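What follows is a single structure, written as structure tokens, with notes after it.
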Amino acid sequence: MSALPTADSPAIELIDVSLRFISPTGASLTALRNFSMTVRRGEFVAIVGPTGCGKSTTLNLITGITKANSGQVKVMGKPVAGSDPRIGFVFQTDALFPWRSVLRNVAAGPLFRGVPKDAAYTKAREWIARVGLVGFENHYPHQLSGGMRKRVTLAQTFINNPEILLMDEPFSALDVQTRIVMQDELLDLWSASNASVVFVTHDLEEAIALADRVYVLTAGPATVKAAYDIPLPRPRVTSEIRYQPAFIDISRHIWEDLREEVQISYARTQLATA
């Protein structure tokens, strides 16, 4: 008999998970093998690894979009079973409704959950103010810069008070300056919530600047090569913390592990295209 979930149960658990799929050529490919990861409640976890190693696949397993062939995936102590309203997802590309204004985009979640219109719009205006977009309520996504659209996305997500926030390279399309601003924006919003975050990125410095713990994945089939606690104090200003000696030491140490997997992945790519 399995133990009942408690308030102390991790927010997310992947336990010895393996996942296989059939390629377009009909071959059986293993995406994840004996993959285990734990995210504590309120913890900010980042995942780094070579391109195509299965980072985004882990997020799909947590949402239930993808089913594991073996192992267990749990959310708040219970096996994943379909979509979960406690989970928010921020994608790499904008997920805004292009035909809706900023206000209507941010209010969409509460309205979908049955919140009365006036209350939903009042709450949306509060979140628009929190992300610094007062005066842009009636603008449409195409009228906004990339950074402004990402602010709308964060407001659209946090307005639903997610207990778990999954982020798949959310800032990768932004220029460097805007990206740093958005990292600080995210940390401010997250610190005011109790959300557990899984943040997928190719940028090791971004992972270290944001996270409490960084998981390094192997070249596919992915498993966890190492997990590093990030003992940098909070609150953090990402534009400043990168110059601290402790940050540089952590970055150098993790890169030694990550570089090996990147080189393996690159060698495989070169062999496949030779």
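Here is a list of conditions, (1) over 22 Å from G42 (Cβ atoms); (2) under 21 Å from the mean Cα position of the chain (by Cα), and I248 meets all of them except one; can you say which number that is?
The number of the failed condition is (2).
How do the strands (runs of 3 or more DSSP E) wholly within region 28-90 filter down when requiring 3 or more residues that are over 27 Å from E205 (Cβ atoms), modelled with pLDDT of 95 or more and in contact with a Phe, Trp or Tyr (Cβ under 8 Å, 6 or more places away or on another chain): which remain?
No strands (runs of 3 or more DSSP E) qualify here.
Which condition from (1) hydrophobic (A, V, I, L, M, F, W, C); (2) open to solvent by 10 Å² or more (accessible area, probe 1.4 Å); (3) touching a residue at least 60 places away in the same chain (Cβ under 8 Å); (4) in contact with a Leu (Cβ under 8 Å, 6 or more places away or on another chain) is the one that F91 breaks?
(4)
Looking at region 216-230 only, could you name the residues that are at pLDDT 95 or above and assigned to a loop (DSSP other than H, G, I, E, B)?
I230
Looking at A68, A46, A120, which one is among the aliphatic types (A, V, I, L, M) and not assigned by TED's automatic domain parsing to the domain that holds S9? Explain how you work it out, then say what you get.
Details: A68 fails: not assigned by TED's automatic domain parsing to the domain that holds S9; A46 fails: not assigned by TED's automatic domain parsing to the domain that holds S9.
Of the residues listed, the single one that is among the aliphatic types (A, V, I, L, M) and not assigned by TED's automatic domain parsing to the domain that holds S9 is A120.
Could you grab me the full set of residues in region 125-144 that are open to solvent by 60 Å² or more (accessible area, probe 1.4 Å) and either closer than 20 Å to W99 by Cα or in contact with a Leu (Cβ under 7 Å, 6 or more places away or on another chain) (or both)?
Answer for region 125-144, where residues must be open to solvent by 60 Å² or more (accessible area, probe 1.4 Å) and either closer than 20 Å to W99 by Cα or in contact with a Leu (Cβ under 7 Å, 6 or more places away or on another chain) (or both): R125, V134, F136, N138, Y140, H142, Q143.
Looking at T122, is it open to solvent by 50 Å² or more (accessible area, probe 1.4 Å) and in contact (Cβ under 8 Å) with a residue 24 or more places away in the chain?
No.
Report yes if A272 is more than 22 Å from I180 (Cα to Cα), in a helix (DSSP H, G or I) and among the aliphatic types (A, V, I, L, M), otherwise no.
yes
The values are calculated or read from the model by the stated rules, or taken from the named source; none is laboratory data. Here the structure is a predicted model, which means the values were calculated and not measured. Cβ coordinates were reconstructed from backbone atoms using ideal geometry, including for glycine residues, and neighbour counts include every protein chain displayed. Side chains included, ligands, DNA and RNA excluded: accessible areas come from the protein's heavy atoms. Shrake-Rupley method; radii C 1.70, N 1.55, O 1.52, S 1.80 Å.
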